[in-house]
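Undergrad: Just dropping this structure here.
The values are calculated or read from the model by the stated rules, or taken from the named source; none is laboratory data. Note that the structure is a prediction, hence the values are computed from the model and not measured. Note that we place each Cβ from the backbone using ideal geometry, even for glycine, and neighbour counts take in every protein chain shown. Remember, those area values only see protein heavy atoms, side chains included, never the ligands or the DNA or RNA. Shrake-Rupley method; radii C 1.70, N 1.55, O 1.52, S 1.80 Å.
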Amino acid sequence: MKLMRDTMKNNKVYYECFGCQMNAFDLEVIKGMMLQDGFRSVSSPAEADVIIVNTCSVREHAETRAIGRLNDLSRHKNVLLAVCGCMAQRMGESILELVPGLSLVAGPDNYNMLPSVIKELLDSGGRYVVADLDSSLTYPLFPQVENKRVSRFLSITRGCENYCSYCIVPYLRGRVRSKMHRQIIDEINMLHDNGAKEVTLLGQNVMAYNSSEIDFIGLLNLILSETEIERIRFLTTHPRDINSGVFELMADNKRVCPHIHLPFQSGSDRILKIMNRGYSRSHYLEIISSARAIKPDLAVTTDIIVGFPSETDDDFNETLDIVEKVGFDSAFTFKYSPRAGTQAFGMEDSVPREVKENRLEILNNAVGSIRKKILERLVGSIDEILLDGTVKKGENHYSKGRTPHFRNVLLENGSFSDGDVVKAVIDRLLNYTLYGKEVRRR
Ligand code: SF4
C-alpha cells in the first residue's frame, strides 16, 4: 500500500492505549517523540494519517480485544496503522496475518525509531516489524506535552526479573533497568513547571530501583529535597523487596502519599510457592502490621488471582482470610488465565471455570463490603482533595479529585480549578463514591 503524499503533510496521528499505567506512560513518551518530529495528535481516527495502538498481553482477552480493534481501525483507508506494546513484542510478525491492514509492529524497547520509520513507511508504503529487547534502555520524558495534567506518571524502572510463574511481563519487557536519578529529578521539575502537582513513579517493582547505588528510598529523599512536587505516589511494589523506610517517609513527610499498592495474589503458602512469589502469607501480614505501626492510617490496595492451578477451597479461604485481616481499600481481582510462554502454562488449569467465577464473586463481595466500611468511616472527616477535572452525575456537575490516601471524592461544583487543593468535609457516601463540601481553600 503506497501512500502517494508529501510526508510532513501526513503528520496527523491518532493514538489508542490498552493496558496498565506503564503503557499509558509509554504512550506519553511516543507522543513526545512524534511531536518533536513534527507530527501532531488528532482526536479521531477519521482525521488521522497515522494510527498508533499501544497494546497489552497480560491476558488472552486483552490481546483478542486489541486484534479486534486493530482490524476495526484498519477500515480507515490511506492510513498507516501501527501496533506497539506487549502484544507487539509477544506476537511480532504473526500479527501481520491477523491484521492485514497493519504496516508497523514495534515492541516496548523499540520506540526511539518510531518517528523515522513511520516517515519512511509513509513514503515507501512497506511493512516493518521490530521486537528487540534492550536491557539498558529507559525513555526520557519529552518536554513538549500537548495537554497539561495535574497528575502525571513517570516510569523510573523498566522490565522485571521476578518471573512470577503466571506472568508474561519479564519475557516481553526484559530485564530490570533504572532511569538515572538525576534525569528523574529533572523530569519531575519539568512536569511541575508544566502544571503537575502529583507524580506517580512507575515500575513493575519500584523497590528494585537502583541508580549509582541510590535505591528507591534514596530516590524519594532526592525528590523531596530537590523538587517542589506536592504529591508523590508509586506503583507497583513487590512484597519480597519491600523496604519499611518508605512507611517512615510517609510518616515524616505528607508529600509522600500514605497509600501503597501491594499485590499479594493468594493467601495460601502452597499457591504462593508455585506462583514463585517469594514470600509467605505470614511475611505479607508482617509487612502490613509493621507498616501500620509506623503509619496507622496507611491505605493499602492489592491484586488477587483466584483459580490458580490446583487451588483448593482451603487455599481460597486463606485468600479470603488475608482480605479480612488486612482490610484493603480496594483490590484488582482476576480469574487465573493461562498465558503461553509462562512457567504456569505447563501446569494443568485444574480449577473449573464455574468454580473460578464463583470464587471471584465471593472475593469481590468480601473486598466490596470491607471497602464500603472504610468509606463509611470517612463520612464527617475532613481531608485535602487535589482536584483534577470535572464530572457530570445526573443533572449535577462536580469537581473530582483524590485524597492523599488515593480515595476519589466529588466536590459540589464551586469555582475550582484543576490543581487546586481543597480542604473539604466528606458529607456523604453513595455506592462507593465519596461526596464532599469545601471547608477552606488553600
Ligand atoms: S513482579 Fe511478577 S507479576 Fe509483577 S510484573 Fe514482575 S513477574 Fe509479573
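Undergrad: For region 269-404, what size does the Cα cloud have along each of its three principal axes, sorted from largest down, in whole Å?
TA: Computed over region 269-404, the largest-to-smallest principal extents equal 51, 40, 26 Å.
Undergrad: For the chain, which cysteines have no second Cys with its Cβ under 4.7 Å from theirs?
TA: So far as the 4.7 Å Cβ criterion goes, Cys17, Cys20, Cys56, Cys84, Cys86, Cys160, Cys257 stand without a partner in the chain.
Undergrad: So how much slack lies between Gln183 and Val355, counting 0.36 nm per residue of separation and subtracting their Cα-Cα distance, in nm? Before the final figure, lay out the partial values.
TA: Numbers: separation 172, 0.36 × 172 = 61.92 nm, distance 4.83 nm.
Full-extension gain reported as 57.1 nm.
Undergrad: Given a cut-off of under 8 Å on Cα pairs at least six residues apart, what relative contact order in percent is computed for the chain?
TA: Once divided by the residue count of the chain, the mean separation gives 10 percent.
Undergrad: Further, regarding this structure: Could you check the simple spin-label distance between Lys254 and Ser74, using points 7 Å along Cα→Cβ, in nm with one decimal?
TA: Label-label distance for Lys254 and Ser74, simple model: 5.4 nm.
Undergrad: Taking the mean number of other Cβ atoms within 10 Å as a proxy for protection, how do you rank 209-215, 25-31, 132-138, 246-252 from highest to lowest?
TA: Details: 209-215: 16.0, 25-31: 21.7, 132-138: 14.4, 246-252: 18.3.
My ranking of the peptides, most packed first, is 25-31, 246-252, 209-215, 132-138.
Undergrad: With Rg and the Kirkwood Rh both taken from Cα atoms, where does Rg over Rh land for region 7-130?
TA: Working: Rg = 12.9 Å, Rh = 14.1 Å.
Answer for region 7-130: 0.92.
Undergrad: Next question. For Arg270 and Asn408, compute 0.36 nm times the residue count separating them, minus their Cα-Cα distance, and round to one decimal in nm.
TA: Values: separation 138, 0.36 × 138 = 49.68 nm, distance 3.59 nm.
Here the segment from Arg270 to Asn408 would lengthen by 46.1 nm.
Undergrad: Among Tyr139, Gly92, Phe39, whose Cα lies farthest out toward the positive end of the dipole of the chain, if unit charges sit on the beta carbon of Lys, Arg (+1) and Asp, Glu (-1)?
TA: Phe39
Undergrad: Can you pull out the GluC sites (Glu not before Pro) in region 351-411 whose DSSP state is coil and whose Cβ has at most 12 other Cβ atoms within 10 Å?
TA: On the way: sites: Glu354, Glu357, Glu361, Glu376, Glu384, Glu395; in loops: Glu395.
Answer by residue number: Glu395.
Undergrad: Rounded to the nearest 20 debye, what is the charge dipole size of the chain about its Cα centre when +1 sits on each Lys and Arg Cβ and -1 on each Asp and Glu Cβ? Please list the in-between numbers first.
TA: Values: 56 positive and 58 negative charges, 171 e Å.
The calculated dipole for the chain is roughly 820 debye.
Undergrad: Using modelled backbone amide H atoms (1.01 Å from N, in-plane), which distant-in-sequence or interchain residues come within less than 5 Å of Phe264's amide H?
TA: When sequence neighbours closer than 5 places are left aside, the close amide H contacts are Asp303.
Undergrad: Once label points are set 7 Å from the Cα along Cα→Cβ at both Glu93 and Asp132, what is their separation, rounded to one decimal in nm?
TA: 1.7
Undergrad: What does DSSP give for the chain in terms of the percent of beta bridges that are antiparallel, rounded to the nearest 5? Show your work: numbers first, answer last.
TA: Numbers: 28 of 72 bridges.
Of those bridges, close to 40 percent are antiparallel.
Undergrad: Okay, next question. Looking at Ala344, Gly401, Leu363, which one has the Cα that reaches farthest to the positive end of the dipole of region 306-420 (charges on Cβ: Lys, Arg +1; Asp, Glu -1)?
TA: Gly401
Undergrad: Sticking with this one: Can you work out the FRET efficiency for the pair Ile382 and Thr433, with r the C-beta to C-beta distance and R0 = 25 Å, to the nearest 0.05? Show your work: numbers first, answer last.
TA: Numbers: r = 18 Å, r/R0 = 0.71.
E between Ile382 and Thr433, to the nearest 0.05, is 0.90.
Undergrad: When only Cα pairs under 8 Å and 6 or more residues apart are kept, what is the percent relative contact order across region 7-130? Could you put the intermediate results ahead of the total?
TA: Numbers: 208 pairs, mean separation 30.4, N = 124.
With pairs under 8 Å counted, the relative contact order is 25 percent.
Undergrad: Sticking with this one: Using mean Cβ contacts within 10 Å as the protection proxy, how do 336-345, 417-426 order, highest first?
TA: Numbers: 336-345: 16.0, 417-426: 18.0.
Ranked from most to least packed, the peptides come out as 417-426, 336-345.
Undergrad: Let me ask something additional. For the chain, which whole percent of the accessible surface, found with a 1.4 angstrom probe, sits on carbon and sulfur atoms?
TA: Numbers: 9330 of 18730 Å².
Answer for the chain is 50 percent, counting heavy atoms of protein chains only.
Undergrad: Can you compute the modelled spin-label distance between Ile294 and Ser337, with each label point 7 Å from Cα toward Cβ, in nm?
TA: 3.7
Undergrad: With every protein chain present, what is the per residue accessible area of the chain (1.4 Å probe, Å²)?
TA: Result: 42 Å² per residue.
Undergrad: Right, another one. Could you list which residues have their amide H under 5 Å from that of Leu80, counting only those 5 or more apart in sequence or on another chain, with H placed in the peptide plane?
TA: The answer is Val50, Ile51.
Undergrad: Checking the a/c ratio against 1.5 first, then a/b against b/c, what shape does the Cα gyration tensor give for the chain?
TA: Values: a/c = 1.60, a/b = 1.23, b/c = 1.31.
Oblate, since a/c reaches 1.5 and b/c is not below a/b.
Undergrad: Here's another thing I want to ask about it. Rounded to whole Å and sorted largest first, list the principal axis extents of the Cα atoms in region 151-377.
TA: Largest to smallest, the principal-axis extents are 53, 43, 29 Å.
Undergrad: Still on this structure, please answer the following. Quick check: from the Cα gyration tensor, does region 379-441 come out rounded (a/c under 1.5), prolate or oblate?
TA: Details: a/c = 1.39, a/b = 1.03, b/c = 1.35.
Because its axes are fairly even, with a/c under 1.5, region 379-441 counts as rounded.
Undergrad: Taking amide hydrogens as modeled 1.01 Å from N in the peptide plane, which residues meet the under 5 Å criterion relative to Tyr166, leaving out close sequence neighbours?
TA: Long-range HN contacts for Tyr166: Ala344.
Undergrad: While we're looking at this one, here's another question. Find, among the trypsin sites (Lys or Arg not before Pro) in region 66-162, those assigned to loop by DSSP (not H, G, I, E, B) with at most 10 other beta-carbon atoms within 10 angstrom. Numbers along the way, then the final one.
TA: Numbers: sites: Arg69, Arg75, Lys77, Arg90, Lys119, Arg127, Lys148, Arg149, Arg152, Arg158; in loops: Arg75, Lys77, Arg127, Lys148, Arg149.
Answer in residue order: Arg75, Lys77.
Undergrad: Here's a follow-up. Could you point to the residue in Ile374, Ile185, Tyr171 farthest towards the positive end of region 151-377's charge dipole, with +1 and -1 charges on the Cβ of Lys/Arg and Asp/Glu respectively?
TA: About the Cα centre, the residue reaching furthest to the positive side is Ile185.
Undergrad: A further question on this structure: Report the calculated FRET efficiency for Thr64 and Leu224 (r = Cβ-Cβ distance, R0 = 41 Å), to the nearest 0.05. Before the final figure, lay out the partial values.
TA: Details: r = 44 Å, r/R0 = 1.06.
Computed FRET efficiency for Thr64 and Leu224 comes out at 0.40.
Undergrad: Now for a separate question. Could you run the Karplus curve 6.51 cos²θ - 1.76 cosθ + 1.60 with θ = phi - 60° over region 125-138 and give me ³J(HN,Hα) per residue in whole Hz, x for Gly and Pro?
TA: x, x, 10, 8, 10, 9, 9, 7, 9, 9, 7, 10, 7, 10
Undergrad: Starting from 0.36 nm per residue, how many nanometres of slack lie between Glu161 and Asn194 once their C-alpha separation is accounted for? Walk me through the numbers on the way to the answer.
TA: Values: separation 33, 0.36 × 33 = 11.88 nm, distance 3.39 nm.
That works out to 8.5 nm of additional length.
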